[in-house]
Amino acid sequence: MTGKRDKPEEIVLKLRQVEVLPGQGKSIADAVRQIGVTQPTYSRWRKGYGGMSRDRLKRLKELETETTWLRRAVSDLTLDKIILTEAARGNF
């Protein structure tokens, strides 16, 4: 059974809700239950997205997309180089 995956924007909003609820007299455990996640999930989210604003989250997503594109470009060029080197040696 697969669960619903929250988008990073939703995660940031839920983390902010958890930050506000203890100020209203609730415990962290109750606040985490109220947003509908488990303690380990909350800890993982906090480790990955804690203190992040929407602007920083948007920039992070842009950088991840750019990094993926660059890695793909480098791997394609490396493969081309290997093929050309092998062809130049006559080992094809």
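Some notes on this structure:
- Taken together, the residues in the range 1-55 that are surrounded by 15 or more Cβ atoms within 10 Å (Cβ to Cβ) and touching a residue at least 40 places away in the same chain (Cβ under 8 Å) amount to 4.
- For the range 63-78, the count of residues that are at pLDDT 90 or above, open to solvent by 70 Å² or more (accessible area, probe 1.4 Å) and within 18 Å of residue 6 (Cα to Cα) is nonzero.
- Under the condition of being over 12 Å from residue 42 (Cα atoms) and in a helix (DSSP H, G or I), the residues counted in the range 14-28 number 5.
The values are calculated or read from the model by the stated rules, or taken from the named source; none is laboratory data. Model, not experiment: these values are computed from the prediction. Here Cβ is always computed from backbone atoms with ideal geometry, including for glycine, and neighbour counts include all displayed protein chains. SASA here: full protein model, heavy atoms, side chains in, ligands and nucleic acids out. Shrake-Rupley method; radii C 1.70, N 1.55, O 1.52, S 1.80 Å.
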